[in-house]
Amino acid sequence: MYDLRDLYQEIVVDHSRRPRNFGELEEANRTAEGFNPLCGDQLTIYLKVSDRVVTDVKFVGTGCAISKASASMMTEEIKGKTVEDIESIFESFRRMVTRKHGEDFDSSDLGDLEILSGVSEYPARIKCATLSWHAMQAALSDKREAVSTE
Ligand code: FES
């Protein structure tokens, strides 16, 4: 039977095959690189931040389907939001994907990102899902060195 999980899976596959906001952002005033040493995957996040609002975001890099889908969905979710809102969304996202089996989570500020909630059942994939977020956070705080998921 076709259920919600199939739909979620389709959305994740779609984002990984046709990542949104993929490419370099010439007008970026913040950028950072994220690296997962376990697999060697790496991506770069570009942000345009103006008056503490992320007015534009793009990313490039190589990664598995989950890391690419997560990066793509993240860019859609954070564009137009304040730095404070984005930090709070990241905290909710991190809690969602690292929660223990059966534990509840607050999805009120997650939007479509909730689709990735199943990642918590696969500990090896948590770093895939958070790679772009760590890079984005480093870019927001203007860190120059690459951030690692380890
Ligand atoms: Fe490398 Fe997922 S396997 S980021």
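The values are calculated or read from the model by the stated rules, or taken from the named source; none is laboratory data. Please read these numbers as outputs of a predicted model, since none were measured by experiment. In this analysis, Cβ positions are derived from the backbone assuming ideal geometry, glycine residues included, and neighbour counts consider all displayed protein chains. Accessible surface is based on the protein model in full, side chains and every heavy atom, while ligands, DNA and RNA are left aside. Shrake-Rupley method; radii C 1.70, N 1.55, O 1.52, S 1.80 Å.
Of the residues making up the range 100-117, those that are under 17 Å from the mean Cα position of the chain (by Cα) and closer than 20 Å to residue 9 by Cα are 107, 110, 111, 112, 113, 114, 115, 116, 117. Entry remark, the range 23-80: residues being under 18 Å from residue 116 (Cβ atoms), open to solvent by less than 10 Å² (accessible area, probe 1.4 Å) and in a strand (DSSP E or B) number 6 in total.
Would you confirm whether any residue within the range 110-122 is touching a strand residue (DSSP E or B) at 6+ places or on another chain (Cβ under 8 Å), outside any helix (DSSP H, G or I) and surrounded by fewer than 18 Cβ atoms within 10 Å (Cβ to Cβ)? No; the residues of the range 110-122 include none that is touching a strand residue (DSSP E or B) at 6+ places or on another chain (Cβ under 8 Å), outside any helix (DSSP H, G or I) and surrounded by fewer than 18 Cβ atoms within 10 Å (Cβ to Cβ).
Filter the range 124-138 down to the residues that are open to solvent by 70 Å² or more (accessible area, probe 1.4 Å) and within 12 Å of the ligand (Cβ to nearest atom), then identify the one that is nearest to residue 60 (Cα to Cα).
Result: 125.
For the criterion of being closer than 14 Å to residue 137 by Cα and near the ligand (Cβ under 9 Å from one of its atoms), residue 43 passes. Report yes if residue 84 is open to solvent by 70 Å² or more (accessible area, probe 1.4 Å) and part of a loop (DSSP other than H, G, I, E, B), otherwise no. No. What is the number of the single condition among (1) farther than 17 Å from residue 68 by Cα; (2) open to solvent by less than 60 Å² (accessible area, probe 1.4 Å); (3) more than 16 Å from the ligand (Cβ to nearest atom) that residue 141 does not meet? So the condition that residue 141 fails would be (2). Can you go through 65, 139 and tell me which one is modelled with pLDDT of 95 or more, under 14 Å from the mean Cα position of the chain (by Cα) and among the small types (Gly, Ala, Ser)? Selected residue: 139, the only one of 65, 139 that is modelled with pLDDT of 95 or more, under 14 Å from the mean Cα position of the chain (by Cα) and among the small types (Gly, Ala, Ser).
Summed over the range 87-123, residues that are within 16 Å of the ligand (Cβ to nearest atom) and touching a residue at least 60 places away in the same chain (Cβ under 8 Å) total 2. For the condition assigned to a helix (DSSP H, G or I), of a type outside the set (D, E, K, R) and without any contact (Cβ under 8 Å) to a residue 40 or more places away in the chain, residue 126 qualifies. Within the bounds of the range 17-33, is there any residue that is within 16 Å of the ligand (Cβ to nearest atom), of a type in the set (Gly, Ala, Ser) and more than 15 Å from the chain's Cα centre (by Cα)? Taking every residue of the range 17-33 in turn, none turns out to be within 16 Å of the ligand (Cβ to nearest atom), of a type in the set (Gly, Ala, Ser) and more than 15 Å from the chain's Cα centre (by Cα).
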